[in-house]
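The block underneath contains the structure these notes are about, expressed in structure tokens.
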Amino acid sequence: MGYQLKKSYVTMVTTIIGFVLFLLYILRETEVETFTKEDLGKYLLLVVPVLIGVDMIGKFIFNLLDVSKNKDQKREKMDEFDTIIEYKSVRNFGLVFMLGFFISCLLFLVSTYIFYPFLSLFITLHVSGLILQASYIKYYEYGV
């Protein structure tokens, strides 16, 4: 298994862990009826450091446990194949995120509570991140 595949698997696992932990925190701390703009701002400010922290811990553990024969010979620059994979994966990420963003906007129109659009946007962000990593895995394993 290549370095990029292992890195994508680790990023996918850390994304799932961060998503579950933060979602449980949000659902435990809030009530739908009393969710205000201040709560929305608090959670939006907290989501970035939490996800970055979980991602950094995952990458640190990955670098400690990554024992491969060519550890010193990891590719530093991207070739054309890597660039194509990057473009296609980011395209998939963007499509899923746009769909979720529009669903969130529709929920803003129909919902009386601000919690449901926030929750749909939060879930969309993480699902699109998982789609990004799944696209990397698919394209590296099966080709473009």
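The values are calculated or read from the model by the stated rules, or taken from the named source; none is laboratory data. Bear in mind that the values here come from a model prediction, so they are computed numbers and not experimental data. All Cβ positions, even for glycine, are placed from backbone atoms using ideal geometry, and neighbour counts span all protein chains on display.
For MET56, all conditions in the list (1) modelled with pLDDT under 80; (2) loosely packed, with under 15 Cβ neighbours inside 10 Å hold save one; what is the number of the exception?
Checking MET56 against (1) modelled with pLDDT under 80; (2) loosely packed, with under 15 Cβ neighbours inside 10 Å, the one that fails is (1).
Exactly one condition in (1) exposed (fewer than 13 other Cβ atoms within 10 Å of the Cβ); (2) modelled with pLDDT under 80; (3) within 30 Å of VAL144 (Cα to Cα) is false for ASP66; which is it?
Failing condition for ASP66: (1).
Being at pLDDT 80 or above and outside any helix (DSSP H, G or I) is true for just one of TYR113, TYR87. Which residue is that? Break it down stepwise before answering.
Details: TYR87 fails: outside any helix (DSSP H, G or I).
None of the other options fit; the residue is TYR113.
Which numbered condition trips up LEU40, out of (1) surrounded by 16 or more Cβ atoms within 10 Å (Cβ to Cβ); (2) at pLDDT below 90; (3) within 19 Å of ILE17 (Cβ to Cβ)?
(3)
Name the single residue that is farthest from the chain's Cα centre (by Cα) among those in the stretch 93-116 being free of Cβ contacts under 8 Å to residues at least 24 places away in the same chain and within 20 Å of GLY41 (Cβ to Cβ).
Checking each candidate, the answer is THR112.
If LEU45 satisfies all but one of (1) surrounded by 14 or more Cβ atoms within 10 Å (Cβ to Cβ); (2) closer than 16 Å to LEU125 by Cβ, what's the number of the condition it fails?
(1)
Could you list, in sequence order, all residues of the stretch 92-142 that are within 23 Å of TYR3 (Cβ to Cβ) and either surrounded by fewer than 16 Cβ atoms within 10 Å (Cβ to Cβ) or not hydroxyl-bearing (Ser, Thr, Tyr) (or both)? Can you show your working first?
Quick first cut of the stretch 92-142, residues within 23 Å of TYR3 (Cβ to Cβ) only: 92-93, 129-142.
Passing the criteria: ASN92, PHE93, GLY129, LEU130, ILE131, LEU132, GLN133, ALA134, ILE137, LYS138, GLU141, TYR142.
Looking at the stretch 45-62, which of its residues are within 11 Å of THR11 (Cα to Cα) and touching a Leu at 6+ places or on another chain (Cβ under 8 Å)?
Correct list: VAL54 only.
Would you tally the residues in the stretch 23-43 being in contact (Cβ under 8 Å) with a residue 40 or more places away in the chain and either aromatic (Phe, Trp, Tyr) or in contact with a helix residue (DSSP H, G or I) (Cβ under 8 Å, 6 or more places away or on another chain) (or both)? It would help to see each step written out before you state the result.
First, the residues of the stretch 23-43 that are in contact (Cβ under 8 Å) with a residue 40 or more places away in the chain: 23, 26, 30, 32-33, 35-37, 40, 43.
Next, only the ones that are either aromatic (Phe, Trp, Tyr) or in contact with a helix residue (DSSP H, G or I) (Cβ under 8 Å, 6 or more places away or on another chain) (or both) stay: 23, 26, 30, 32, 35, 40, 43.
Residues that pass the stated criteria total 7.
Yes/no matrix, rows are residues, columns are (1) within 16 Å of GLY129 (Cα to Cα); (2) part of a helix (DSSP H, G or I); (3) of a type in the set (Lys, Arg):
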position: THR15; (1), (2), (3): yes, yes, no
position: TYR25; (1), (2), (3): no, yes, no
position: GLU33; (1), (2), (3): no, no, no
position: GLU38; (1), (2), (3): no, yes, no
position: LEU44; (1), (2), (3): no, yes, no
